[in-house]
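The values are calculated or read from the model by the stated rules, or taken from the named source; none is laboratory data. In this text, all values refer to a predicted model and were calculated from it rather than measured experimentally. All Cβ positions, glycine included, derive from the backbone under ideal geometry; neighbour counts span all protein chains shown. Heads up: the accessible areas ignore ligands, DNA and RNA and are worked out on the full protein's heavy atoms, side chains in. Shrake-Rupley method; radii C 1.70, N 1.55, O 1.52, S 1.80 Å.
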Amino acid sequence: MDALVEITDLKKAYQTGEVTFEALKGVSLKLTTGDFVAIMGHSGSGKSTLLHLVGGLDRPTSGAVRVGEHELNEMNETALAKFRRAHVGFVFQFFNLVENLTVQANVELPALLMNKKDRKTIRKHSDELLQRLGIAVHSHKHPWELSGGEQQRVAIARALINHPTLLLADEPTGNLDSTSGEEVLNILSECHEQGQTILLVTHDPLAAARAERVLFLHDGRLAGSMAGGDAKSIAHRLTELK
Amino acid sequence: MEAVWQKIKADIISRPLISVLILVTITTSATLLTLALATLMNVSAPYDKAFEELNAAHVWLYFDRDRVGPRDITRVEALPGVVESTGLRYSAMSRVRVGDAQVWVSLRAVPTETPSVNRLLIQEGRDLEPYRAELLAGKDLDDIYRLTVGERIGITREDGKKVELPVIGLAYNPMWDTYRSSQPPYVYVSEETLRELFPDGSTWDWSMGLRLADPDAVDETVALIEETLHSDVVESHTDWRDVKESAVFGAQLNFVFLGAFGLFAVLATVLVVSSTIGSIVLSQFRQIGILKAIGFTSPQVVWLYLGQCLVLGLIGSTLGLLLGFTLSPLPLRSIAASLATPYHPPLDPSLAIMVIGAMLGVVTLASLGAAYRGARANIIQSIAVGAERPREKSFQGTELATRLSLSPTITLGLNEIFVRPFRSLVTGFNLTLGVIGIVFGLALGETLDTYKENPALLGIVYDAVVTREEASDGKMRYLLETAPGVEGFYSECLVEAETPAGQTFQVRAVEGDLEKFPFKVDQGRFFRPNTYEAIAGQGLLDWLGLEVGDDIAVTLEGKENRPITWRIVGQYPEAVNAGQMLMVSLPTVSRLVKQARPDSYLLKLSPDYDSAGLKQHLDARPSSDLNLILVEEVIPDDVLYLELAIFTLSGLLMGIALVNVFNSSLLAMQEKLRTVGILKAVGMTPAQVMTMVGVTAGFLGLLATILGTPIGMLFTSGLMNVLAAGYGFGRVSVTLRGIYIVCLVPVTILISTSGSLIPGRWAAKRSVVSVLRSE
């Protein structure tokens, strides 16, 4: 099967004054359609950087990222923005909702940015998503009126509105209590069951256990992989990375 | 407090562009304020300076030659309160030819040695030398005919022969008054030259200037002279206060405009400072939380922002004061130029205190609200959220925009206006001030053009004027009736009138094809010929406290004529003598004043008239005593200077508005960088980010145009009518072409949007990752 995402020898360095920090030191991996892959690693291992590069939020120092037909290295800012809105759904640790827009407006925003003319279809789809994620009752509220778990559900609904090729989740449970975190993970699992390709960045073994495959990043390099499912084994493997 | 000062310095230096823009705004306002105040405080200073330097007379007496003798002059000089006199001065009326024009002048003998009282100011060339046939031309003659030193002008002698004398200089007489247009231009010669030209000394007019112990006792002195001598000895007199009033009128006009624009600029500064500091506080909300967490008290936070403004305010107002002081001679130029005396107002400490104090007060008021807002910030929320909670309700217009299926970039841009309503309000108001300034400039220009194209609106209903000297009225009528291109004419005779209370003014007595001329009557109707009906200028009505429908009783041309009463049936725009004139039917005047004969003939010309043919028909040869003047330019060149100045001031206001849009947009972008990062993360392109920012600014520009255009028209109309009332002119209708209003919309939107361009671009280019990582 052809890879949906193909990452080849990806490197990313950050310059802070005279100090250069290499966040990624040559990472290569492939994801196929329908995969649910978790990336684990300690703080500073480069996992969020990898996610940003796959999502076209940042540009690598070297190496290549291909998502479907799109060679991200060859795209300019505008093309990357169009790529993100059409093919990628982001779920962030701090939700990153637009504060002065209602829940429904937040969810519909990426679809509206695509200048889709059929507003009714967009509204119907956003209603369905809000219903499915159990937040329809909050559709006219603003983000600050919701709990953390509810806000993250809104963020997931927003990420799914354009039927993305790839759902990228960066520590989606990192800012939630355990119950809310569990609910969010359940939603991601449901999405995966419906065929959604997911790349999850986390340092929580329980979250990683939901994935089919877990990749370990250490010091900017891939340091192994294992099947998901068993949180204890994942936690043990993570401890071994230290 | 040292910590606060350290932070103030750091904040000013870390935002160099915004600090500089605030500084520029404050400097501009302080400059305009300095100019307005310096003009107000020194409006009469150039005249006063010249008056004292020339030891000018406080009153100039024109004697009735038949009733006065040398002993009377001595008695006047000896009266109490009279300090010095010019001695008896002789003059004679003579016709001179300057270029193509013939003009009656007063040929005045002046001492060739410098007199003690009322010296002439030689503006160009040199003073008269004894026993030389030469002349000095008055500044008033030069203003009309643009004389050059060395030019020769023809003077008609007593025997009717013409001699040419060289102009050896141009002179300003501090007691020559334009008021009521009754004084002819002056030409100065030595007494020997006057005697050569007019050998019969008995025909000379006598006059004398006096300096008084109390300069304000002119009326009392004249009354004392009339009491001491004979009541008719003094035919008329010139009061130095009237001359001064005429001389400073132009500068007063400058003060009105500068004052209005200065006020606008100060208001704009309030808006710029309040919106900028408000935006800075909002964009630094997290920082304020951190500062409070590490021990800053609320008053220290207030001082932090207030201090930044006061530092910039102090620097800006000092720079503005110095710049305004440097430019302060410009508004006084009209007086200083007429006196040819460069005048620089002194740097008055009270002016400096007023300007700096006013600007610091304005800056404090403008920044205090925002500073308190920062000081009240909740520490936890500030650090955790990094922003104030936005308004709970989004703008209804945004909902409408969504329903209308407008692009989300437009919807988000519109929503931004209402997320921070105060900031939007001050930015919009600032733009509105700019629009008001532009509308003012356009409407003024348009109105002046309208009056220029249709001089009838100014009360100039004729196309040409012919004046006669020796030719008879009958000959004139015959000539005009048979003249090519003349569709109609009326004749005019100016007569002096005096009310029972002693107020004197001029009456236009007219007769002829009046119905062929487009007389404009603002109130009431035109008078019926050959009746005791009159129309009056607004200035006369205001001066005498009369209204249309009232009667006015006067004596004409001296008290020997019996009084006459006219009923005022209308008010017309009178362009001269501050509107203090009456227009009546000539036959009614002729019945009372036998010598009332028309000396001016006002012509209506056919559209295809031939000026050369008309001149030839009227026999306007050098020897002829007829003068033809075509009405082509009724608005002086000074108006162009005024229009230019107003457009410059409007440009300054628009510049300040642009600074405000820029500052507001930049700070709004800093404040909502995180939101922009999120929007970019979910797929907003850089162009869409810029569009969103541009929509906010553009919509404010649109609102500013909608609001600013009618306000600008009202402002222009109000100011023009205040000025027209000052001239005694009556009402002025202000016009602005629809095309200008239509063009103003895109222009304002463009200006406003361009102000947001750089901040929008800056936000669009920021890396999403760096923005979101910093959260």
Q. Only one of B:VAL661, B:VAL689, B:VAL769 is of a type outside the set (Gly, Ala, Ser), free of Cβ contacts under 8 Å to residues at least 40 places away in the same chain, in contact with a helix residue (DSSP H, G or I) (Cβ under 8 Å, 6 or more places away or on another chain) and assigned to a helix (DSSP H, G or I); which?
A. B:VAL769
Q.
Can you confirm whether B:LEU679 is modelled with pLDDT of 80 or more and under 13 Å from B:ASN430 (Cα atoms)?
A. no
Q | Selection count, the stretch B:663-675, where residues are of a type in the set (A, V, I, L, M, F, W, C) and surrounded by fewer than 24 Cβ atoms within 10 Å (Cβ to Cβ) | A | 1
(Q) So for the stretch B:41-50 (the condition being surrounded by fewer than 19 Cβ atoms within 10 Å (Cβ to Cβ), modelled with pLDDT of 85 or more, within 37 Å of the chain's Cα centre (by Cα) and of a type in the set (A, V, I, L, M)), does at least one residue qualify? (A) no
Q) If A:THR173 passes every condition in (1) more than 25 Å from B:LEU414 (Cα to Cα); (2) at the interface with another protein chain (Cβ under 10 Å from one of its Cβ atoms) but one, which one does it miss? A) (2)
Q | Filtered residues of the stretch B:421-430 (kept if of a type in the set (Ser, Thr, Tyr) and open to solvent by less than 10 Å² (accessible area, probe 1.4 Å)) | A | B:THR427
Q: Would you confirm whether any residue within the stretch B:461-479 is surrounded by fewer than 18 Cβ atoms within 10 Å (Cβ to Cβ), modelled with pLDDT of 80 or more and within 32 Å of the chain's Cα centre (by Cα)?
A: yes
Q.
Can you go through B:THR499, B:THR482 and tell me which one is among the β-branched types (Val, Ile, Thr) and either in contact with a Pro (Cβ under 6 Å, 6 or more places away or on another chain) or without any contact (Cβ under 8 Å) to a residue 60 or more places away in the chain (or both)?
A. B:THR499
(Q) Which residue is nearest to the chain's Cα centre (by Cα), if the candidates are limited to the stretch B:724-745 and must be open to solvent by less than 70 Å² (accessible area, probe 1.4 Å) and over 30 Å from B:MET581 (Cβ atoms)? (A) B:LEU736
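Is there a residue in the stretch A:14-35 that is touching a residue at least 12 places away in the same chain (Cβ under 8 Å), within 8 Å of chain B (Cβ to nearest Cβ), out of contact with any Asp or Glu (no Cβ under 7 Å at 6 or more places or on another chain) and aliphatic (A, V, I, L, M)?
No: the stretch A:14-35 contains no residue that is touching a residue at least 12 places away in the same chain (Cβ under 8 Å), within 8 Å of chain B (Cβ to nearest Cβ), out of contact with any Asp or Glu (no Cβ under 7 Å at 6 or more places or on another chain) and aliphatic (A, V, I, L, M).
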**Q.** Test set (1) at pLDDT 90 or above; (2) surrounded by 19 or more Cβ atoms within 10 Å (Cβ to Cβ); (3) not aromatic (Phe, Trp, Tyr) - A:VAL137 fails condition number
**A.** (2)
Q. Can you name every residue in the stretch A:144-154 that is more than 10 Å from chain B (Cβ to nearest Cβ) and either part of a helix (DSSP H, G or I) or of a type outside the set (A, V, I, L, M) (or both)?
A. A:SER147, A:GLY148, A:GLY149, A:GLU150, A:GLN151, A:GLN152, A:ARG153, A:VAL154
(Q) Given the options A:PHE83, A:PHE90, name the one that is touching a helix residue (DSSP H, G or I) at 6+ places or on another chain (Cβ under 6 Å) and at pLDDT 85 or above. (A) A:PHE90
Q: Please specify each residue of the stretch B:499-512 satisfying the condition of being modelled with pLDDT under 90 and open to solvent by 50 Å² or more (accessible area, probe 1.4 Å).
A: B:PRO500, B:ALA501, B:GLN503, B:THR504
Q: State whether the residues of the stretch A:56-63 include one that is farther than 16 Å from A:ARG221 by Cα, within 14 Å of chain B (Cβ to nearest Cβ) and small (Gly, Ala, Ser).
A: yes
**Q.** Residue in the stretch B:73-122 that is surrounded by the most Cβ atoms within 10 Å (Cβ to Cβ), counting only those that are under 33 Å from the mean Cα position of the chain (by Cα) and on the phi > 0 side of the Ramachandran plot
**A.** B:ASN118
Q) Which residue pairs have Cβ atoms under 6 Å apart, sit 6 or more places apart or on different chains, and have a first residue in the stretch B:590-618 that is among the hydroxyl-bearing types (Ser, Thr, Tyr) and open to solvent by less than 80 Å² (accessible area, probe 1.4 Å) and a second that is at pLDDT 85 or above and part of a loop (DSSP other than H, G, I, E, B)? A) B:SER606/B:GLY485; B:TYR609/B:GLY485
**Q.** Yes/no for B:LEU433 being open to solvent by less than 30 Å² (accessible area, probe 1.4 Å), more than 11 Å from every other protein chain (Cβ to nearest Cβ) and in a helix (DSSP H, G or I)
**A.** yes
Q) If we scan the stretch B:446-454, do we find a residue that is open to solvent by less than 20 Å² (accessible area, probe 1.4 Å) and either modelled with pLDDT of 85 or more or over 26 Å from B:ALA260 (Cβ atoms) (or both)? A) no
Q.
Against the definition (over 26 Å from A:GLU190 (Cα atoms), modelled with pLDDT under 90 and among the hydrophobic types (A, V, I, L, M, F, W, C)), how does A:LEU72 come out, yes or no?
A. no
Q) Residues B:LEU224, B:LEU194, B:LEU210: which one is at pLDDT 85 or above, part of a helix (DSSP H, G or I) and within 21 Å of B:ARG108 (Cβ to Cβ)? A) B:LEU194
Q) Considering B:GLU574, B:GLU557, which residue is at pLDDT below 90, touching a strand residue (DSSP E or B) at 6+ places or on another chain (Cβ under 8 Å) and open to solvent by 50 Å² or more (accessible area, probe 1.4 Å)? A) B:GLU557
Q. If you go through the stretch A:100-131 one residue at a time, how many are surrounded by fewer than 19 Cβ atoms within 10 Å (Cβ to Cβ) and touching a residue at least 24 places away in the same chain (Cβ under 8 Å)?
A. 1
Q: Return the residue satisfying two criteria in turn: it lies in the stretch B:676-700 and is of a type outside the set (A, V, I, L, M) and within 14 Å of chain A (Cβ to nearest Cβ), and of such residues it is surrounded by the most Cβ atoms within 10 Å (Cβ to Cβ).
A: B:THR696
**Q.** So B:GLU481, is it over 23 Å from B:VAL593 (Cβ atoms) and acidic (Asp, Glu)
**A.** yes
Q: Name the single residue, out of those in the stretch A:91-120 being within 7 Å of chain B (Cβ to nearest Cβ) and touching a Gly at 6+ places or on another chain (Cβ under 6 Å), that is farthest from A:VAL154 (Cα to Cα).
A: A:LEU113
**Q.** Search result, residues across the stretch B:592-614 that are in contact with a strand residue (DSSP E or B) (Cβ under 9 Å, 6 or more places away or on another chain) and assigned to a helix (DSSP H, G or I)
**A.** B:LEU592, B:SER611, B:LEU614
